[in-house]
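Here the structure comes first, spelled out in structure tokens, and everything after it is commentary.
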Amino acid sequence: MRRDKAALDYGGASQLDRVVELARRHVAEVFVSVRPDQAGDPVRARHPLIVDAFPDGGPVAGIRSAFARAPASAWLVLACDLPFLSDATIAHLIRSRDPAGFATAYRSAYDGLPEPLCAIWEPRSADALALWVAQGRQCPRKFLGAHAAALLDPIDERALDNVNTPEEYARARAAFDTRTPRGTMRIQIRYYALLREQAGRSDETVETSAETPADLYRELGTRHPFTLTPEQLKVAVNGDFSDWTRALRSDDVVVFIPPVAGG
């Protein structure tokens with residue numbers, strides 16, 4: 001690239017700032033993985049950092065350093081060179097997580113291999129990663145291939161496109177800057193049971209730019225004191241059960257369906 005990829009500008013924000021903001025909408029804490037010589041860099045230092053605790057360098061050192069900080073936690077690992085990464089892609093990854101495995105990752109749309117830097121790494125992978133490095137191996141993609149990670153088909157192939165050269169950056173920047181902004185839509189929403197009580201109404205019509213039911217429910221959660229997570233609900237659009245990542249259209253009727261008590 002011949003320049004710092006974390007500082008690449010997309011829409012007035014650095015790529016690093018964009019991915020940090022995306023991640024914050026989905027997890028409790030967000031850290032930027034850095035080498036020791038990057039800890040004072042102003043692009044990175046305004047965020048909480050995890051400095052590499054291992055000398056090997058590269059993504060594996062960053063992942064191992066995260067586990068050294070919180071060995072009992074699963075880690076959502078995201079590269080900083082995915083300009084089209086979306087909320088829907090992250091939300092689908094989290095919903096599809098297999099906590100019993102080593103990791104959950106997307107398959108590459110180009111070669112079908114695991115994408116280790118848009119993945120959830122489980123605590124049990126820490127010791128296996130240490131052994132992997134001790135055997136002289138460094139590639140996290142090959143690690144996931146050898147350890148039977150749960151692999152997902154991408155819901156948006158462009159979301160996992162990375163940028164590694166000035167030419168790729170120019171093309172990505174042009175595509176990013178010329179995208180047509182999504183306008184607002186009128187969406188009808190119906191509530192039942194606990195959601196109706198918490199919203200204080202049985203239905204409402206909103207003006208929103210939410211792209212999916214997942215985005216819409218997250219937005220509504222800023223207005224109403226909802227206590228149920230998407231994992232506890234089903235969603236229907238226009239009378240049919242739907243996936244949370246379905247694209248919404250103006251005048252859709254969306255129903256969030258809570259668990260039904262009783263028999």
Q: Could you grab the pairs with beta carbons closer than 9 Å, sequence gap of 6+ or different chains, first residue in the stretch 104-116 and under 13 Å from residue 92 (Cβ atoms), second one modelled with pLDDT under 90 and hydrophobic (A, V, I, L, M, F, W, C)?
A: 106/155; 106/159
Q: Filter the stretch 29-61 down to residues that are buried (at least 17 other Cβ atoms within 10 Å of the Cβ) and small (Gly, Ala, Ser), then give me how many there are.
A: 2
Q | Residues of the stretch 14-54 that turn out to be of a type in the set (Asp, Glu) and in contact with a strand residue (DSSP E or B) (Cβ under 9 Å, 6 or more places away or on another chain), as a count | A | 3
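Does residue 64 qualify as being among the basic types (Lys, Arg) and surrounded by fewer than 18 Cβ atoms within 10 Å (Cβ to Cβ)?
Details: among the basic types (Lys, Arg): yes; surrounded by fewer than 18 Cβ atoms within 10 Å (Cβ to Cβ): no.
In short, no.
Out of 248, 228, 195, report the one residue that is within 23 Å of residue 92 (Cα to Cα), within 21 Å of the chain's Cα centre (by Cα) and modelled with pLDDT of 90 or more.
228
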Q. Would it be correct to say that residue 155 is in contact with a Ser or Thr (Cβ under 8 Å, 6 or more places away or on another chain), touching a residue at least 40 places away in the same chain (Cβ under 8 Å) and more than 21 Å from residue 26 (Cβ to Cβ)?
A. no
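When you scan the stretch 172-192, how many residues do you find that are assigned to a loop (DSSP other than H, G, I, E, B) and modelled with pLDDT of 85 or more? If you could, list the steps in order and put the result at the bottom.
The initial filter retains those residues of the stretch 172-192 that are assigned to a loop (DSSP other than H, G, I, E, B), namely 179-184, 192.
Still in the list and also modelled with pLDDT of 85 or more: 192.
Final tally of qualifying residues: 1.
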Q) Considering only strands (runs of 3 or more DSSP E) fully contained in the stretch 193-263, which possess at least 1 residues that are loosely packed, with under 13 Cβ neighbours inside 10 Å? A) 203-208
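The values are calculated or read from the model by the stated rules, or taken from the named source; none is laboratory data. Quantities reported herein were computed from a predicted structural model and do not represent experimental measurements. Neighbour counts are summed over all protein chains in view; Cβ atoms, including those assigned to glycine, are modelled from backbone coordinates with ideal geometry.
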